[in-house]
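The block underneath contains the structure these notes are about, expressed in structure tokens.
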Amino acid sequence: MARSGIRPGDKVAVLSGNDPVAFSCVFGISRAGAVWCPVDPRSEAAENRELLDLFDCACLIFAGAFAPLVARIADDLTKLTTLVCLDEAAAREVAGAISLRAWLDGSGGEPWGADPPDDIAMIAGTGGTTGRPKGVMLTGHNLETMTALTLMSYPFAGRPVYLAFAPLTHAAGVLCFPVMTLGGEIVIMAAPDLAEFLAMIGQHRVTHAFLPPTVIYQMLDHPALGAADLTSLQCLWYGAAPMSAARLEQAIGAIGPVLGQLFGQTEAPMMISTMAPRDHLHADGTLARERFASAGRPTPLTTVAIMDDKGSLLPRGERGEIVIRGPLAMAGYYQDPAASAQASQHGWHHTGDIGYLDADNYLYIVDRAKDMIITGGFNVYSAEVEQALLAHPGVLDCAVIGLPDDKWGERVTAVIQPFPGQDVAGEDLRAFVKDRLGSVKAPKQVEVWPDLPRSRVGKILKNEVRSRLLSTAGDGAPERRR
């Protein structure tokens, strides 16, 4: 990189699926004092072009499989000065590209250890599901803090072995760092396959792994689970989306008391609050079911508080926006001072999540601020209704939103994805929620869809759910209305 004119502070993007060589490049970027910009390999060409331009990337390192995509977008990216392909043959498909082997020839003996300006080590995109994506600037201190909090919060005995199932561009990637600080081993799956995942745990004596809740649900229903050797697992992290309390209990029974929750966001990576495997149990070994709906406790180096919309901190038990302080919070959004100022109002980082802290300092997330429903003058938090619906034996997953309503202002609307072969009735589901949360929070409209639209990391796209429902409001639901 130094020979190619890449200087400390320059942005270097990596575009690849799960690949050991591609991930190793991250450490070369760090040693050069450059800034790592992970690019989602599942994104479309236009999205990747937008991110590379937004981040002012000077260098792109890409896998051979993405050579056709890079060839389409490279001419529009005038800031790119260096194109490096991991595959020698594919490098010839992109004008001006060089293969990694050729790029490395003659290297050695050059100084390393440059510090990036302002300690910015990584810029990660926010995803753009709610508009133009923003670039989250994370410092080396942010990543060191996240690593330290991981090691403080979860069990690590002996030399850890981490199995990377999910994309390394997201949570699965940064979770490699704490494992590597202990001299651990990273086993990388090139493509997600649950049967292979279960087999590899026993084969490699895997101690740690991360899965989003939707994949854990699939694993619980997988025929290979019963015969899998999972005895080496110390911690199976779950996060990135809420998990059904009923399915969490099922997972602990089927996999063992190794489930560990984490809550964070791109702007405060991974470790705002944690719930270690031991926190899922009482001292006598019985399940601590009353905590299963929580996001755990704030981590030691992070101050978590609840704030109202005027900037006042609220007492325990009251609901408001979750705000944090500490070395985990980002440096800001890249070249977006207005968004950075908005996210750090009143001297706290604003997560955009609504929640509360209970008497034991467990954090409960009840909704995204933008997803709160106001119906008949009452505030209804969609995540709370979703948790109630997920406790129903016929519901695999769901999304709850507010739709315009002449009488109520907004009506609570639930879209249900049932378990395969299950038939769920809207009236039964409404009664099920009413018994648990009362009539105000019970859905007034229930839709049954065979699947829910999701982002590339498995999060339900509520904007798309809402758009589909509004577009068919006059013509009848696209699936089944109950």
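None of the figures in this text is laboratory data; all of them are computed from the coordinates on show. What you are looking at is a predicted structure, and each value in this text was computed from that prediction instead of being measured. All Cβ positions, glycine included, derive from the backbone under ideal geometry; neighbour counts span all protein chains shown.
Quick notes on this one:
- Listed values (1) 38, 26, 24; (2) 38, 33, 22; (3) 52, 27, 22, entry calculated as semi-axes √(5λ) of the Cα gyration tensor in Å: (1)
- For the chain, the longest principal axis of the C-alpha atoms and the axis of helix 245-255 are separated by about 60°.
- Point-charge dipole on Cβ atoms (K/R +1, D/E -1) for the range 1-106, about Cα centre, debye to 20: 360
- Estimated inter-spin distance, GLU249 and GLN345, nm [label 7 Å along Cα→Cβ]: 4.0
- Selection from ALA2, PHE263, VAL174, by position along the positive dipole direction of the chain (Cβ): PHE263
- When both the range 152-199 and the range 366-417 are represented by their alpha-carbon centers, they are found 35 Å apart.
- Of PHE27, GLY17, LEU54, farthest towards positive along the dipole that unit charges on Lys, Arg, Asp, Glu beta carbons give the range 1-95: PHE27
- Dipole in debye (nearest 20) - the chain, about Cα centre, beta carbon charges: Lys, Arg +1; Asp, Glu -1: 400
- Of ASN361, ALA199, LEU437, farthest towards positive along the dipole that unit charges on Lys, Arg, Asp, Glu beta carbons give the chain: LEU437
- Partners for LYS444 among lysines (Cα-Cα distance below 19 Å; same-chain residues under 8 apart left out): LYS407, LYS434, LYS462
- With q set to 0.08, 0.14, 0.15, 0.16 Å⁻¹, the log10 of I(q)/I(0) for the range 50-196, from the Debye formula over equal scatterers at the Cα positions, is -0.31, -0.98, -1.12, -1.24.
- Among 293-306, 195-208, the order from most to least packed when residues are scored by Cβ within 10 Å on average: 293-306, 195-208
- Length gained when the stretch ASP118-LEU182 is fully extended (0.36 nm per residue, less Cα-Cα span): 20.3 nm
- Label-point separation, ASP193 to ASP336 (7 Å along Cα→Cβ), nm: 3.8
- Computed over the range 155-240, Cα set: Rg, Dmax in Å: 12.0, 35
- Helical mean residue ellipticity (222 nm; -39500 (n - 2.57) per DSSP H run of 4+; nearest 500) of the chain: -7500 deg cm²/dmol
- Modelled spin-label separation between ASP284 and SER455, with each label point placed 7 Å from Cα along the Cα-to-Cβ direction: 4.2 nm.
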